[in-house]
Each structure stands twice: as structure tokens, then as C-alpha cells.
């Protein structure tokens with residue numbers, strides 16, 4: 001099949017390799033779907049939201065209340081992720097994984113609250129191992145339902161004040177990178193704010209001796225990060241295309257990768273985040289971001305804006321004429 005796919009790509013009306021990364025993407029999707037006619041159907045964006053006990057330590061420049069306020073903004077369609085999903089044909093669903101707020105039950109979100117935020121890591125692990133696994137299982141069921149509806153592409157996003165801190169700690173434990181190289185400015189710290197954040201995370205990183213991926217996720221993660229991890233792993237099992245966004249999403253992916261390294265076959269890394277540490281993550285995984293737009297927003301926005309490029313890689317394989325079909329003959 002790989003030879004057939006490469007033959008089809010090489011015999012389009014173009015010089016071999018001239019569509020560069022689009023050719024690599026198209027081939028990847030053909031191999032994943034085991035077909036010469038790949039498809040992207042009903043792309044799904046799941047935005048998981050949760051709060052973090054560590055936010056009480058002032059690791060974010062934004063107040064914790066912004067988490068629930070942004071969830072309401074997502075529902076109203078007013079956030080960047082809404083704009084880009086609408087533009088590019090994503091079905092977007094917002095998931096309350098553990099926001100510190102009681103939403104109206106009639107609000108158009110998926111209500112799966114596991115708690116009113118995680119615990120403060122400076123005092124105890126963020127969540128129990130059982131609760132972490134439950135978060136992953138809930139997300140897996142949500143993905144199964146989207147797949148049953150005909151979706152074969154999953155992107156995940158997140159909202160949770162303080163979650164770049166949790167992601168930095170996950171990165172530190174899984175990759176082994178010095179904590180100072182894992183910590184960035186997040187939502188926009190001042191120099192003093194950054195120093196405070198680094199101090200808190202340095203202390204937190206020394207508190208727990210955990211090595212197994214699930215233990216790292218439970219100790220240092222968040223409900224939304226655990227759900228992103230579970231969602232991506234389930235999408236892999238279902239043979240879906242998995243789109244990875246920026247720093248926080250890649251931290252969740254690190255855990256998924258350590259649990260099932262074959263998930264790389266399904267995965268497209270959509271962009272390189274401006275958040276410090278993201279390039280180190282990408283290097284660890286041996287991958288490159290599809291684009292570099294200097295994003296550091298999260299929400300899944302990098303994946304949402306990258307979808308047209310991914311769709312283009314499928315379209316040229318399906319719609320572009322071969323030399324024979326076009327009656328164009330190259331003797332070179």
C-alpha cells in the first residue's frame with residue numbers, strides 16, 4: 001500500500017516532492033486509513049475545561065474566575081476557537097471536566113464535572129490515580145460518540161487558568177528537562193510574575209517522586225489534561241486522525257505517547273507554540289509543528305487554523321490529475 005500511495009503522489013501533474021509537507025501529510029493520512037482515497041469527515045473539536053488548585057499560588061497572571069467565564073464565552077461563540085472552528089468546518093463541543101463553578105444544566109456543554117478543580121499540588125497530588133483514570137475513560141466515551149456520528153478527525157483544546165504550570169511539571173517529569181527550561185510566561189506574566197511562577201513550580205517538582213505516566217498525570221495534571229490524554233488515546237484506537245495543538249495539549253500527548261507510542265502514526269502536530277518548552281517537547285517526540293504563527297493562546301486554536309492545510313493534503317491526492325489523465329508527458 002505504501003508503494004501504491006507513493007506512486008499516486010509522484011505521478012500527479014507536478015515535479016516529485018514539489019508539494020513538500022503536503023505530500024508527507026497526504027501519505028500519512030492514506031497510510032492511516034489504508035486507502036488511496038483519503039477522507040476527512042466531520043472534524044471534531046473537543047475543548048475541555050477545568051480549574052487547578054495550584055492557581056491559588058498565583059502561578060497565573062489571570063484570576064481563576066476566567067475559566068468559567070471563558071466557558072460561557074465558548075458557548076456564546078465569542079472566543080478565537082469558535083471563530084476558527086466555524087471558519088474551517090469543525091463541530092465544536094465544550095466539556096466541563098472540573099470547573100470551579102456550577103453551570104446551568106441547560107447550558108450547551110457536556111457536563112462531566114469530576115470536581116471543583118484539582119487539589120493544590122504544593123499540599124497534595126492534583127488528583128487520585130483512580131480519578132485520573134476516570135477522567136480518561138469519560139473522555140474516551142465522548143470520542144466514541146463523536147466517532148459513531150461519523151467523525152474521523154479529532155482535535156482537542158483546553159481552558160483552565162494555571163494549566164501551563166501543570167503542563168510544565170508534566171514535561172519536567174516525563175522528559176527530564178530542567179524545570180527552568182519547562183516554564184514560560186503562560187498567559188503573559190511580568191518578569192516578577194515569572195520568577196514567582198518558577199519558584200512555585202521548582203518547589204512542586206521536588207515534592208513527588210513519580211515516574212509512571214499515569215502517576216505523573218494524576219500527581220501534576222488537571223482534569224482537562226487527563227481528559228485530553230484519554231481522548232487522544234481513544235481516537236488512536238478508533239483509527240482517527242489526531243490533531244495536537246500547542247504546549248498544554250502536547251503535555252497531555254506526552255503522557256498518551258508514553259502509554260502507547262504507536263499513537264504517533266495517527267498524529268499531526270499543528271503548530272509550534274511560543275510558550276517556552278514546546279520546541280523541547282516536539283524535539284523529544286521527533287516531530288515538527290506544521291506551522292509557526294507565534295501562537296500561545298491554547299483552546300485548540302493552532303489545530304483549528306491548520307485544518308485547511310491538512311484538507312489540502314487530502315484534496316490534491318483525490319482531485320489532482322495524474323500525468324496520464326491530463327495527457328501531460330514529461331521525458332525528464
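The values are calculated or read from the model by the stated rules, or taken from the named source; none is laboratory data. For clarity, every value in this text was computed on a predicted model and none was experimentally measured. Every residue, glycine among them, receives a Cβ derived from its backbone with ideal geometry; neighbour counts consider all protein chains shown.
Candidates in the stretch 7-20 are the residues that are closer than 18 Å to residue 319 by Cβ and in contact with a helix residue (DSSP H, G or I) (Cβ under 9 Å, 6 or more places away or on another chain); of these, the one that is surrounded by the most Cβ atoms within 10 Å (Cβ to Cβ) is 9. Selection of the stretch 237-259 for residues being under 13 Å from the mean Cα position of the chain (by Cα) and assigned to a loop (DSSP other than H, G, I, E, B) yields 245, 246. Against the numbered list (1) under 20 Å from the mean Cα position of the chain (by Cα); (2) under 24 Å from residue 102 (Cβ atoms); (3) in a loop (DSSP other than H, G, I, E, B), residue 62 comes up short only at (1). Any residue in the stretch 161-174 that is within 22 Å of residue 59 (Cα to Cα), under 18 Å from the mean Cα position of the chain (by Cα), outside any helix (DSSP H, G or I) and touching a residue at least 60 places away in the same chain (Cβ under 8 Å)? Within the stretch 161-174, one or more residues are within 22 Å of residue 59 (Cα to Cα), under 18 Å from the mean Cα position of the chain (by Cα), outside any helix (DSSP H, G or I) and touching a residue at least 60 places away in the same chain (Cβ under 8 Å). Would you call residue 150 closer than 22 Å to residue 304 by Cα, within 14 Å of the chain's Cα centre (by Cα) and in contact (Cβ under 8 Å) with a residue 12 or more places away in the chain? No. I'd like the residue in the stretch 175-200 that is assigned to a helix (DSSP H, G or I) and crowded, with 21+ Cβ neighbours inside 10 Å and, out of all such residues, is nearest to the chain's Cα centre (by Cα). Restricting to residues being assigned to a helix (DSSP H, G or I) and crowded, with 21+ Cβ neighbours inside 10 Å, the top hit is 182. The numbered conditions (1) part of a loop (DSSP other than H, G, I, E, B); (2) crowded, with 20+ Cβ neighbours inside 10 Å are all true for residue 143 except (1). In the set 298, 302, only one residue is surrounded by 24 or more Cβ atoms within 10 Å (Cβ to Cβ), assigned to a helix (DSSP H, G or I) and within 12 Å of the chain's Cα centre (by Cα); that residue is 302.
Within the stretch 124-138, which residues are in contact (Cβ under 8 Å) with a residue 24 or more places away in the chain and either touching a strand residue (DSSP E or B) at 6+ places or on another chain (Cβ under 7 Å) or not in a helix (DSSP H, G or I) (or both)? So that I can check it myself, show each step before the final result.
First, pick out the residues of the stretch 124-138 that are in contact (Cβ under 8 Å) with a residue 24 or more places away in the chain: 125-129, 131-133, 135-138.
Selection gives 125, 126, 127, 128, 135.
Going by what's in this entry, would residue 262 be described as in contact with a helix residue (DSSP H, G or I) (Cβ under 8 Å, 6 or more places away or on another chain), without any contact (Cβ under 8 Å) to a residue 40 or more places away in the chain and not in a helix (DSSP H, G or I)? It is false that residue 262 is in contact with a helix residue (DSSP H, G or I) (Cβ under 8 Å, 6 or more places away or on another chain), without any contact (Cβ under 8 Å) to a residue 40 or more places away in the chain and not in a helix (DSSP H, G or I). Considering the conditions (1) buried (at least 24 other Cβ atoms within 10 Å of the Cβ); (2) within 15 Å of residue 175 (Cβ to Cβ); (3) in contact with a strand residue (DSSP E or B) (Cβ under 6 Å, 6 or more places away or on another chain), residue 287 is excluded by exactly one of them, (1).
The sole residue among 274, 234 that is part of a loop (DSSP other than H, G, I, E, B) and closer than 27 Å to residue 99 by Cβ is 274. Criterion applied to 150, 117 was being in a loop (DSSP other than H, G, I, E, B), at positive phi, at pLDDT 95 or above and crowded, with 24+ Cβ neighbours inside 10 Å, and the one residue passing it is 117.
Could you tell me whether any residue of the stretch 95-107 is surrounded by fewer than 24 Cβ atoms within 10 Å (Cβ to Cβ), touching a strand residue (DSSP E or B) at 6+ places or on another chain (Cβ under 8 Å), modelled with pLDDT of 95 or more and not in a strand (DSSP E or B)? Yes, because at least one residue in the stretch 95-107 is surrounded by fewer than 24 Cβ atoms within 10 Å (Cβ to Cβ), touching a strand residue (DSSP E or B) at 6+ places or on another chain (Cβ under 8 Å), modelled with pLDDT of 95 or more and not in a strand (DSSP E or B).
Within the stretch 68-84, does at least one residue satisfy the condition of being in a strand (DSSP E or B) and either modelled with pLDDT of 95 or more or surrounded by 24 or more Cβ atoms within 10 Å (Cβ to Cβ) (or both)?
Residues of the stretch 68-84 in a strand (DSSP E or B): none.
Looking for residues that are in a strand (DSSP E or B) and either modelled with pLDDT of 95 or more or surrounded by 24 or more Cβ atoms within 10 Å (Cβ to Cβ) (or both), one finds none in the stretch 68-84, hence no.
Of all the residues in the stretch 280-332, those that are out of contact with any helix residue (DSSP H, G or I) (no Cβ under 7 Å at 6 or more places or on another chain), more than 28 Å from residue 167 (Cα to Cα) and touching a residue at least 12 places away in the same chain (Cβ under 8 Å) number 9. Taken together, the residues in the stretch 37-59 that are within 21 Å of residue 151 (Cα to Cα) and part of a loop (DSSP other than H, G, I, E, B) amount to 7.
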